[in-house]
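Remarks on the structure that follows.
Any read-out appearing in this document is the output of simple, stated calculations on the displayed coordinates, not a laboratory observation. Being a predicted model, the structure only gives us computed values, none of them experimental. When we count neighbours, we look across all protein chains shown, and the Cβ atoms used for this are built from the backbone with ideal geometry, even at glycine.
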Amino acid sequence: MLFFKKKIIPLNKLFPEGFVDIHSHLLPEIDDGSKNIEESIRLIKNFRSFGIKNITTTPHILGSFWPNTPEIINEKLDLVRKELIHQNITDIQLNAAAEYMLDEKFMRLLYDKNLLTLKDNYILIELSYINPPENIFNIIFDIQANGYKPILAHPERYLFYHYKFEKYKKLKDAGCYFQLNLLSLVGYYGSEVNKTAIQLLKNNLIDFLGSDVHNHSHLQHLNRLGSSKNVSLLKPILENNFIFKK
Ligand SMILES: [Fe+2]
């Protein structure tokens, strides 16, 4: 009996020129992502080998746990940009925004209109993995009323919505955009998350894509992304990320 190895398309053939990764944790020592400047540069070089040269990285802003501010984030961004130039890496467009947990602190920043945007007032938001905020639809409304466009990071990772698929549709109807984690398609977060990721894609509920890379291991897992099934699921929306190019 013959066994055929499933063909995996290399990532630099999958991502179109101009693709912007809008979710990652590549700035050193300010969240659970990169641990130092060397790691930041190594991760960015790896993105480049995947054909991704436009990156808007998104450190967590989460209560007193990760109390990042635009000043802290921009200072680290500057540091990494300088090191890229120092190492003669000039073909990477590195920018920064944030991944906002929908907590009390977020609401204060929202009312002060002091949020870091991906571009054109799009902001990346996340929820607790345990419970969604009870008033999530009011929060979405408030975000929009203050002039921002919410993108929910990795909707497929919220297990509490898996058996309430109609909630996803309700969130979309409320004007919330969805960003899928590419790692969900290689089974990194388990088979349930993988299944929901595919279901969301098949129902045309995903607007944008992100890697959510925190470390080298994530990048290694991403290498398996280019199966023909994943490629056909991703192809129709890969270019949506072009709008974030700066
Ligand atoms: Fe993240």
So Met107 clears everything in (1) within 30 Å of Lys229 (Cα to Cα); (2) more than 16 Å from the chain's Cα centre (by Cα); (3) surrounded by fewer than 20 Cβ atoms within 10 Å (Cβ to Cβ) except one condition, right? Which one? (1)
Within the stretch 31-60, which residues are crowded, with 18+ Cβ neighbours inside 10 Å, away from the ligand (no atom under 13 Å from the Cβ) and among the β-branched types (Val, Ile, Thr)? Ile41, Ile44, Ile52, Ile55
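Would you mention how many residues in the stretch 199-220 are surrounded by 17 or more Cβ atoms within 10 Å (Cβ to Cβ) and of a type outside the set (D, E, K, R)?
12
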